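J.: The structure's right below; bear with me while I get my questions together.
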Amino acid sequence: MSIDTKPQGRTYVLGLFATGEALVKACRQVREKGFTDIDTHSPYALHGGDEALGLKRSAVPKVALAGAMTGMFGGMGMMVWMNGLKWPINVGGRPPVSPLSYIPITFETTVLLTSLSIFFGLLIMMRLPQPYHAVFELEAFRSAVVDGFWLSVAQPAGSDGKDAVRQLEAVGATQVSVVKEAVE
Amino acid sequence: MAADLAAAPALDGAPLLLGRNDNTSLTKSLLAHVWAKPDRGWLLSFMIALSGTGALTLAIVVTLARGIGTWGNNIPIAWGFGIINFVWWIGIGHAGTLISAILFLFQQQWRTAINRFAEAMTIFAVLCAGLFPALHTGRPWFAFFMFPYPSDLQMWPQFKSPLVWDVFAVSTYLTVSVLFWFVGLIPDLATLRDASTSTVQRKVYGLFALGWRGSGRHWHNYKVAYLLLAGLSTPLVVSVHTIVSFDFAVALLPGWHTTIFPPYFVAGAIFSGFAMVMTWLVPARHFLGLKHVVTMRHLEAMNKLILVTGMVVSYGYMMEHFIAWYSGNPDEWFVFYNRATGPYRAIYWLMMFCNVVTPHIFWFKWMRTNIAVMWIASIMVNVGMWCERFVIIVTSLHRDFLPASWGMFYPTWVDLTLFAGTIGFFSTCFLLFLKYLPAIAVSEVKELNDELQHPTAMVQVVTAS
């Protein structure tokens with residue numbers, strides 16, 4: 001008897017809903033049934049979608065604040081060090097360290113570092129770019145960014161997803177599909 | 001109260017979206033111009049724009065090979081077309097950020113149809129703007145000297161100079177504008193990927209869509225990031241043109257050394273930027289079939305903003321002239337007297353006509369809603385704002401304190417080709433954008449459509465009470 005050692009990918013159960021409201025409602029019901037690894041897929045952000053998924057406050061503002069602080073102190077510190085300490089420059093008799101004239105650039109470095117940290121922080125939080133995701137195994141899922149409202153329930157590897165299928169049908173999905181994550 | 005709120009949309013006049021739309025039809029109609037084969041009109045415009053880009057390349061090569069002696073600027077007018085065009089282009093870019101960021105923060109729903117368009121304009125305009133100071137340094141291959149980097153020369157930038165502030169302001173502005181634009185584009189790139197039937201398109205758009213799947217967990221962070229980027233862009237856009245105005249205001253030259261410059265420059269920037277948006281939007285909505293999304297309501301709102309910013313600019317002119325007289329400083333007063341009566345008076349009066357008189361036609365509703373009128377007016381404002389920069393730079397420099405050092409500025413063919421060439425380059429980028437990317441933020445319009453069809457909870461509660 002040979003043991004199948006080929007690792008198996010996770011199972012995703014995908015349900016299609018007619019409207020955004022139906023999706024939010026279904027999402028809440030499915031989560032209350034104990035399915036935790038769920039996600040909504042919609043062409044635009046859904047009203048009440050965050051609460052239905054039970055998401056905590058986004059961490060983006062914290063990342064932004066860290067970037068802002070780095071940019072602010074880094075920018076001011078850079079100029080104080082370069083023009084004031086490392087190689088003092090006398091311009092029109094003004095003191096080498098004159099923080100007032102460093103404010104415009106400090107503002108710009110603050111904005112720059114904040115924006116960069118928001119952008120890269122966002123990509124890291126979303127785990128994008130992601131070349132492959134199991135949901136795309138289903139051709140019909142392409143409607144998720146066009147006009148479809150999908151609910152995906154992830155199940156552990158090896159699961160046939162029957163429970164989740166039944167659950168999605170119970171909350172009113174118009175079409176339910178099961179896809180397996182491809183594993184190299 | 002309830003009746004007031006319920007009736008409010010009717011007071012706004014024309015609707016934001018025409019006809020009955022759903023997500024399917026919106027995706028189809030808003031992406032139609034991307035799938036369509038380029039028609040003859042597009043190809044012809046693209047050829048013209050591309051020849052402009054070719055002319056730009058030629059002028060750059062001449063500038064690099066022979067030096068900036070090929071330009072018309074010399075002592076006493078050391079800043080000629082290079083800085084005029086820089087300020088003009090960067091100002092044009094500002095409307096994009098204003099529409100996408102400031103109107104977003106004020107929750108102006110009408111911005112949704114035109115923000116993508118205006119943001120693209122910002123990026124291309126800043127690219128054109130950045131070219132001029134870089135070439136003006138004479139040896140642009142040493143332009144990296146302006147950035148703080150550890151060199152063997154122990155040579156750090158001089159951070160007390162507004163010109164160095166400008167380097168930071170413009171490069172930050174370009175970076176943040178690109179990030180904001182790209183973040184906004186990700187969902188639409190995914191829509192392009194999944195709405196396409198061609199393998200090549202799926203692959204290329206898919207590459208830039210980064211694997212976006214409309215996930216609720218993504219939207220959760222995405223919304224916050226977008227809001228924060230909008231919040232950051234708002235003070236940024238004000239700071240950029242403020243710093244550009246410092247290039248002048250910090251100098252001791254009469255005509256430049258005024259405290260009103262920062263707000264007056266910002267208002268002028270937004271004024272010219274809105275005009276440029278109109279110049280492009282009016283033909284684009286016609287040729288791309290976007291009239292159901294970019295409605296008369298949008299055009300009218302834009303024209304009202306042109307009127308408002310035009311009046312702020314007029315106030316700037318008024319104050320500048322008043323203070324020149326009121327200060328009792330003969331040198332200061334001479335600059336303004338010379339502007340109106342000196343050898344460059346034609347450009348001065350053209351500026352006054354285009355910027356002060358033209359916007360007032362928008363007091364009349366039939367003018368605000370007349371396509372031909374608004375298009376011609378937008379071009380006049382563009383011309384007027386270019387003249388304004390010419391007047392500020394050339395007339396202040398050409399007759400300064402010592403009559404023996406007075407002189408005149410005449411642009412050379414290289415100056416004129418560079419300027420015309422940047423317009424060609426801008427148009428090339430813009431036409432490519434209109435061909436390969438959705439001109440309208442598709443996912444945002446779908447969301448707006450949803451909101452318009454299902455009024456938000458707040459309105460329902462108020463109506464019920």
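J.: Tell me, which helices (runs of 4 or more DSSP H) lie completely within the stretch B:359-465 with 3 or more residues that are at pLDDT below 95 and surrounded by 22 or more Cβ atoms within 10 Å (Cβ to Cβ)?
T.: Working: elements: B:365-368, B:371-390, B:413-436, B:442-453, B:457-464.
Output list reads B:442-453.
J.: Tell me which residues, restricted to the stretch A:138-184, are closer than 30 Å to B:V204 by Cα, in contact (Cβ under 8 Å) with a residue 60 or more places away in the chain and either in a helix (DSSP H, G or I) or of a type in the set (G, A, S) (or both). Before the answer, list the steps.
T.: From the stretch A:138-184, those closer than 30 Å to B:V204 by Cα are A:138-154, A:175-184; that's our starting set.
Filter once more, keeping what is in contact (Cβ under 8 Å) with a residue 60 or more places away in the chain: A:138, A:140-141, A:143-154, A:175-183.
Residues satisfying the conditions are A:A140, A:F141, A:S143, A:A144, A:V145, A:G148, A:S152, A:A154, A:S177, A:A182.
J.: Regarding the stretch A:58-78, can at least one residue be identified that is within 23 Å of B:P162 (Cα to Cα) and within 8 Å of chain B (Cβ to nearest Cβ)?
T.: Yes, there is a match, as at least one residue in the stretch A:58-78 is within 23 Å of B:P162 (Cα to Cα) and within 8 Å of chain B (Cβ to nearest Cβ).
J.: Shifting gears a bit: Scan the stretch B:201-221 residue by residue and report those that are assigned to a helix (DSSP H, G or I) and either in contact with a helix residue (DSSP H, G or I) (Cβ under 6 Å, 6 or more places away or on another chain) or at the interface with chain A (Cβ under 7 Å from one of its Cβ atoms) (or both).
T.: Initially, the stretch B:201-221 is screened for residues assigned to a helix (DSSP H, G or I), giving B:201-209, B:216-221.
Answer for the stretch B:201-221, where residues must be assigned to a helix (DSSP H, G or I) and either in contact with a helix residue (DSSP H, G or I) (Cβ under 6 Å, 6 or more places away or on another chain) or at the interface with chain A (Cβ under 7 Å from one of its Cβ atoms) (or both): B:R202, B:Y205, B:G206, B:F208, B:A209, B:G216, B:R217, B:H218, B:W219, B:H220, B:N221.
One line per residue, one yes/no per condition, for (1) in contact with a strand residue (DSSP E or B) (Cβ under 9 Å, 6 or more places away or on another chain); (2) at pLDDT 95 or above:
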{"position": "A:D37", "(1), (2)": "yes, no"}
{"position": "A:A45", "(1), (2)": "no, no"}
{"position": "A:P61", "(1), (2)": "no, yes"}
{"position": "A:M76", "(1), (2)": "no, yes"}
{"position": "A:P88", "(1), (2)": "no, no"}
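J.: For the stretch B:268-283, check the following and say yes or no: at least one residue is within 14 Å of chain A (Cβ to nearest Cβ) and either among the acidic types (D, E) or under 12 Å from the mean Cα position of the chain (by Cα) (or both). Break it down into steps so the answer makes sense when it comes.
T.: Kept after step one, since they are within 14 Å of chain A (Cβ to nearest Cβ), are these residues of the stretch B:268-283: none.
No, because not a single residue in the stretch B:268-283 is within 14 Å of chain A (Cβ to nearest Cβ) and either among the acidic types (D, E) or under 12 Å from the mean Cα position of the chain (by Cα) (or both).
J.: Would you check which residues across the stretch B:138-174 are at the interface with chain A (Cβ under 7 Å from one of its Cβ atoms) and surrounded by fewer than 17 Cβ atoms within 10 Å (Cβ to Cβ) and list them?
T.: Quick first cut of the stretch B:138-174, residues at the interface with chain A (Cβ under 7 Å from one of its Cβ atoms) only: B:148, B:154, B:156, B:158-160, B:165, B:168-169, B:172.
B:Q154, B:Q158 - these are the residues of the stretch B:138-174 that are at the interface with chain A (Cβ under 7 Å from one of its Cβ atoms) and surrounded by fewer than 17 Cβ atoms within 10 Å (Cβ to Cβ).
A quick yes/no check of all residues on (1) within 23 Å of B:R285 (Cβ to Cβ); (2) at pLDDT 90 or above; (3) touching a Phe, Trp or Tyr at 6+ places or on another chain (Cβ under 9 Å):
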{"position": "B:L64", "(1), (2), (3)": "no, yes, yes"}
{"position": "B:W89", "(1), (2), (3)": "no, yes, yes"}
{"position": "B:T97", "(1), (2), (3)": "yes, no, yes"}
{"position": "B:A113", "(1), (2), (3)": "yes, no, no"}
{"position": "B:F117", "(1), (2), (3)": "yes, no, yes"}
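Quick grid of which residues meet (1) away from every other protein chain (no Cβ under 14 Å); (2) among the basic types (K, R); (3) on the phi < 0 side of the Ramachandran plot:
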{"position": "B:W386", "(1), (2), (3)": "yes, no, yes"}
{"position": "B:R389", "(1), (2), (3)": "yes, yes, yes"}
{"position": "B:S396", "(1), (2), (3)": "yes, no, yes"}
{"position": "B:M408", "(1), (2), (3)": "yes, no, yes"}
{"position": "B:W413", "(1), (2), (3)": "yes, no, yes"}
{"position": "B:L418", "(1), (2), (3)": "yes, no, yes"}
{"position": "B:G424", "(1), (2), (3)": "yes, no, yes"}
{"position": "B:T428", "(1), (2), (3)": "yes, no, yes"}
{"position": "B:E451", "(1), (2), (3)": "no, no, yes"}
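J.: Could you grab me the full set of residues in the stretch B:20-37 that are under 15 Å from B:L432 (Cβ atoms) and surrounded by 14 or more Cβ atoms within 10 Å (Cβ to Cβ)?
T.: B:H33, B:V34
J.: Go through the stretch B:146-175 and give me each residue that's touching a Leu at 6+ places or on another chain (Cβ under 9 Å) and hydrophobic (A, V, I, L, M, F, W, C). Break it down stepwise before answering.
T.: Within the stretch B:146-175, the first condition is being touching a Leu at 6+ places or on another chain (Cβ under 9 Å), and the residues that meet it are B:146, B:168-169, B:171-175.
Scanning the stretch B:146-175 gives B:M146, B:F168, B:A169, B:L174.
J.: When you go through (1) surrounded by 22 or more Cβ atoms within 10 Å (Cβ to Cβ); (2) at pLDDT below 95 one by one for B:N74, which number turns out not to apply?
T.: (1)
J.: Next up: Just one of (1) in a helix (DSSP H, G or I); (2) among the small types (G, A, S); (3) more than 29 Å from B:V294 (Cβ to Cβ); (4) in contact (Cβ under 8 Å) with a residue 40 or more places away in the chain trips up B:A346, so point out which.
T.: (4)
J.: While we're here: Would you point out which residue out of B:A125, B:A134, B:A113, B:A143 is farther than 13 Å from B:H94 by Cα, among the small types (G, A, S) and within 18 Å of the chain's Cα centre (by Cα)? Full working, then the answer.
T.: Working: B:A125 fails: farther than 13 Å from B:H94 by Cα; B:A134 fails: within 18 Å of the chain's Cα centre (by Cα); B:A143 fails: within 18 Å of the chain's Cα centre (by Cα).
Exactly one residue qualifies, and that residue is B:A113.
J.: Search the stretch A:122-132 for residues being within 7 Å of chain B (Cβ to nearest Cβ) and either buried (at least 20 other Cβ atoms within 10 Å of the Cβ) or not in a helix (DSSP H, G or I) (or both), and hand back the single one that is nearest to the chain's Cα centre (by Cα). Reasoning before the result, please.
T.: In the first step, residues of the stretch A:122-132 are kept if they are within 7 Å of chain B (Cβ to nearest Cβ); the result is A:122, A:125-126, A:128-131.
Of the ones still in play, those that are also either buried (at least 20 other Cβ atoms within 10 Å of the Cβ) or not in a helix (DSSP H, G or I) (or both) are A:122, A:126, A:128-131.
Details: A:L122: 6, A:M126: 3, A:L128: 8, A:P129: 10, A:Q130: 11, A:P131: 15 Å.
Filtering the stretch A:122-132 for residues that are within 7 Å of chain B (Cβ to nearest Cβ) and either buried (at least 20 other Cβ atoms within 10 Å of the Cβ) or not in a helix (DSSP H, G or I) (or both), the one nearest to the chain's Cα centre (by Cα) comes out as A:M126.
J.: Go through the stretch A:81-121 and give me each residue that's part of a helix (DSSP H, G or I), among the aliphatic types (A, V, I, L, M) and facing chain B (nearest Cβ under 9 Å).
T.: Step one: list which residues in the stretch A:81-121 are part of a helix (DSSP H, G or I), which gives A:81-86, A:99-121.
Keeping just the survivors that are among the aliphatic types (A, V, I, L, M) gives A:82, A:85, A:100, A:103, A:105, A:111-113, A:116, A:118.
Passing the criteria: A:M82, A:I105, A:V111, A:L112, A:L116, A:I118.
J.: Out of B:F353, B:F401, I need the residue that is more than 21 Å from the chain's Cα centre (by Cα), over 30 Å from B:L26 (Cα atoms) and free of Cβ contacts under 8 Å to residues at least 60 places away in the same chain. Which one?
T.: Working: B:F401 fails: free of Cβ contacts under 8 Å to residues at least 60 places away in the same chain.
Answer to the check: B:F353.
J.: Separate question: Where the second residue is modelled with pLDDT under 95 and not in a helix (DSSP H, G or I) and the first is farther than 11 Å from B:W156 by Cβ and aliphatic (A, V, I, L, M) and lies in the stretch A:74-92, which pairs have Cβ atoms under 6 Å and are six or more apart or on separate chains?
T.: Going by the 6 Å Cβ cut-off, the qualifying pairs are A:V80/A:V97; A:V91/B:K160.
J.: If you don't mind, there's one more thing I want to ask. Could you check the stretch B:325-343 and list, in sequence order, the residues that are free of Cβ contacts under 8 Å to residues at least 24 places away in the same chain and in contact with a helix residue (DSSP H, G or I) (Cβ under 7 Å, 6 or more places away or on another chain)?
T.: Taking the stretch B:325-343 first, the residues free of Cβ contacts under 8 Å to residues at least 24 places away in the same chain are B:325-328, B:330, B:333, B:337, B:340-341.
Across the stretch B:325-343, the qualifying residues are B:W325, B:W333, B:A340.
J.: Any idea which residue in the stretch A:45-57 is farthest from B:V176 (Cα to Cα), counting only those that are facing chain B (nearest Cβ under 7 Å) and in contact (Cβ under 8 Å) with a residue 24 or more places away in the chain? Let's see the steps before the verdict.
T.: First, pick out the residues of the stretch A:45-57 that are facing chain B (nearest Cβ under 7 Å): A:45-46, A:49-50, A:53, A:55.
Right, trim to in contact (Cβ under 8 Å) with a residue 24 or more places away in the chain and you get A:46, A:49, A:53.
On the way: A:L46: 27, A:G49: 28, A:L53: 31 Å.
Restricting to residues being facing chain B (nearest Cβ under 7 Å) and in contact (Cβ under 8 Å) with a residue 24 or more places away in the chain, the top hit is A:L53.
J.: Can you tell me which residue in the stretch B:198-228 is surrounded by the most Cβ atoms within 10 Å (Cβ to Cβ), limited to those that are hydrophobic (A, V, I, L, M, F, W, C) and under 30 Å from A:K25 (Cβ atoms)? Write out each step before concluding.
T.: Going residue by residue through the stretch B:198-228, those that are hydrophobic (A, V, I, L, M, F, W, C) are B:200, B:204, B:207-210, B:212, B:219, B:224-225, B:227-228.
Now narrow it down to the ones that are under 30 Å from A:K25 (Cβ atoms): B:209-210, B:212, B:219, B:224-225, B:227-228.
Working: B:A209: 23, B:L210: 17, B:W212: 28, B:W219: 24, B:V224: 20, B:A225: 25, B:L227: 16, B:L228: 21.
In this case the residue turns out to be B:W212.
J.: Among the residues of the stretch A:146-157, is any buried (at least 22 other Cβ atoms within 10 Å of the Cβ) and either farther than 30 Å from B:S29 by Cα or away from chain B (no Cβ under 14 Å) (or both)?
T.: Within the stretch A:146-157, one or more residues are buried (at least 22 other Cβ atoms within 10 Å of the Cβ) and either farther than 30 Å from B:S29 by Cα or away from chain B (no Cβ under 14 Å) (or both).
J.: Anything in the stretch B:175-190 that is more than 7 Å from chain A (Cβ to nearest Cβ) and under 20 Å from the mean Cα position of the chain (by Cα)? List them, or say none. Full working, then the answer.
T.: First, the residues of the stretch B:175-190 that are more than 7 Å from chain A (Cβ to nearest Cβ): B:177-178, B:180-182, B:184-186, B:188-189.
Those that are more than 7 Å from chain A (Cβ to nearest Cβ) and under 20 Å from the mean Cα position of the chain (by Cα): B:S177, B:V178, B:F180, B:W181, B:F182, B:G184, B:L185.
The values are calculated or read from the model by the stated rules, or taken from the named source; none is laboratory data. Everything numeric here is computed off the predicted structure, so don't read it as measured data. Counting neighbours? That spans all protein chains shown, and the Cβs are built from the backbone with ideal geometry, glycine included.
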